[in-house]
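S.K.: Got a structure here, written out as structure tokens. Questions coming.
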Amino acid sequence: MIGIAPAVDSAGFSDLARWIDDGYAADMAYFADRLDAYRHPSGVLPGAKSILVMTLPYANDPTQHDPKQHDPKQHDPTQHDPTQHDQAGRGRLARYTWQGTDYHDVIHPKLKQLVTLVRQLAPHANARGVVDTAPIMEREIAQLAGLGWRGKNTLLLNKHRGSYFFLACLLLDIELPYSTPHVTDHCGTCTACLDACPTQAFPRPGVLDASKCISYLTIEHRDIIPTALRDGIGDWVFGCDVCQEVCPWNQKHASEQPDVSASAKTLDLVELFSLDDDAFRKRFRKTPLWRTRRRGVLRNAAIVLGNQRHRSAVEVLSHSLDDIDPIIRGAVAWALGKIGCTSAAPALANRLKVESDEIVQTEIGDALRKFR
């Protein structure tokens, strides 16, 4: 899809400032650090007058949509059912990762081609292409460009495309014919996305508390994941699609992207613990999973194995109590306590004797108390 919006003052700037003040940005300090730049697109391109907004769809398997799975009346998100989606020992990946490449590496070259084209057609014009890293209100601008409306889960929705797509913007300092803004909200009284969130990350419609969002916790968050939120992560090892899966607009539309193999949709969790930093880098360097590095991925993998109560993982998890990274050791200890296999008790007790990190000591102590 494509649309053109005028570069104007952000109508949602005050809402963004309030969102930051309320603590909903969690540890993403770059929002507050660049807050003033969000007031007007000229903060990204001086003199900006027009913004070309484009979408790029990503792989999606509509056959995996099962609204009942996320119905709070029929499903407890804290209780993992290994018959759902993936067998035990594998973790789910957000759909945008299924292609296996970092979408920035796909979109940026396309934007550079467009910038080159602009310079050929209008040598006096300045242009800059951005995708989700620049301080602009992309979804608000996309709505001005007529591409959809912001759903209650905060994502841009389109009646014919759902929400499984990336947004990219090309800012220009010349005036172009603008698209008709999209002014209608087609969510109506539906609250499926809000009700289905396993960690209750929406304090109210249209507002996301990132500190509770599974996507934030498994990708952006660099520290330990709060204990109270670990059960809700379920089998999501990287990202989350729950609020998109239950959206009626996504259930109506298949992806324009080619099908991907089943193995690309999940990750072998036990295998991950055999990777040191170099091996992890070689395997994931050009993929979306590189963003959270080995620490984050193995932390997430341990939590998923714990939620699955995957007993076959006890041996590798026990060995990983000696991992060099305390964040991983802490998550592993929690997972062993969650699985509850008594064969892990000696490994936990032995690690406690030499553990120097206070947080990991607490995690191990909590795990051992479960055996008692």
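The values are calculated or read from the model by the stated rules, or taken from the named source; none is laboratory data. Keep in mind that this is a model prediction, so the values were computed, not measured. Neighbour counts are summed over all protein chains in view; Cβ atoms, including those assigned to glycine, are modelled from backbone coordinates with ideal geometry. Just so you know, the surface numbers come from the protein's heavy atoms only, side chains and all, with ligands and any DNA or RNA stripped out. Shrake-Rupley method; radii C 1.70, N 1.55, O 1.52, S 1.80 Å.
S.K.: Hey, what did the chain get for relative contact order, percent, Cα under 8 Å, at least 6 apart?
M.R.: This gives 21 percent for the chain.
S.K.: To continue, here is another question. Which entries in the list 212/282; 265/286; 212/286 go over 21 Å, if you measure between the two C-alpha atoms of each?
M.R.: Flagged as over cut-off: 212/282; 212/286.
S.K.: Considering only protein heavy atoms and a 1.4 Å probe, what is the carbon-and-sulfur percentage of the accessible area of the chain?
M.R.: Looking at the chain in its full context, I get 51 percent from C and S.
S.K.: Okay, next question. Checking the cross-link filter: which aspartates and glutamates have an alpha carbon closer than 12 Å to that of residue 49, excluding same-chain neighbours under 8 positions apart?
M.R.: 9, 173, 175
S.K.: Just to be sure I understand: with springs between alpha-carbon atoms less than 10 Å apart, which residue in 122, 192, 347 has the highest mean-square fluctuation in the Gaussian network model of the chain?
M.R.: 122
S.K.: Which whole number in µm²/s is D for the stretch 171-271 by Stokes-Einstein, with the Kirkwood Rh taken over Cα pairs at 4 °C and 1.567 mPa s?
M.R.: 77
S.K.: Kindly provide the helix-only [θ] at 222 nm of the chain, computed as the sum of -39,500 (n - 2.57) over DSSP H runs of four or more divided by all residues, to the nearest 500 deg cm²/dmol?
M.R.: The helix contribution divided over the chain gives -10000 deg cm²/dmol.
S.K.: Going Cα to Cα from residue 159, which aspartates and glutamates come in below 17 Å? Please leave out same-chain ones fewer than 8 positions away.
M.R.: List returned: 140, 185, 245, 256.
S.K.: A further question follows. When the label point is put 7 Å from the Cα of residue 222 along its Cα-to-beta-carbon vector, which residues of the stretch 1-36 have a backbone N closer than 14 Å?
M.R.: Under cut-off, by backbone N: 27-31.
S.K.: Along the stretch 339-345, what does the Karplus equation 6.51 cos²θ - 1.76 cosθ + 1.60 (θ = phi - 60°) give for ³J(HN,Hα), rounded to whole Hz, x for Gly and Pro?
M.R.: 5, x, 7, 5, 5, 7, 4
S.K.: Right, here's the next one. Hey, got the Cα dimensions of the chain along the principal axes, in Å, largest first?
M.R.: 71, 42, 41
S.K.: Here is a follow-up. What accessible area per residue, rounded to a whole number of Å², is obtained for the chain using a probe radius of 1.4 Å?
M.R.: I get 47 Å² per residue for this part.
S.K.: Hey, could you grab the Kirkwood Rh for the stretch 267-372? Inverse mean 1/r over distinct alpha carbon pairs, Å, one decimal.
M.R.: So the Kirkwood estimate lands at 13.7 Å.
S.K.: Give me the orientation-averaged projected area of the Cα convex hull of the stretch 3-61, in nm², one decimal.
M.R.: 5.9
S.K.: Quick one: among 53, 316, 237, which has the greatest mean-square fluctuation in a GNM of the chain with alpha-carbon springs under 10 angstrom?
M.R.: Maximum fluctuation in the GNM of the chain, among the listed residues, is at 316.
S.K.: Leaving out same-chain residues fewer than 8 places away, which aspartates and glutamates sit with a Cα under 15 Å from that of residue 110?
M.R.: 102, 132
S.K.: Would you look at the GNM of the chain, springs on alpha carbons closer than 10 Å, and say which of 90, 329, 139 moves the most?
M.R.: Of the options given, 139 has the highest mean-square fluctuation.
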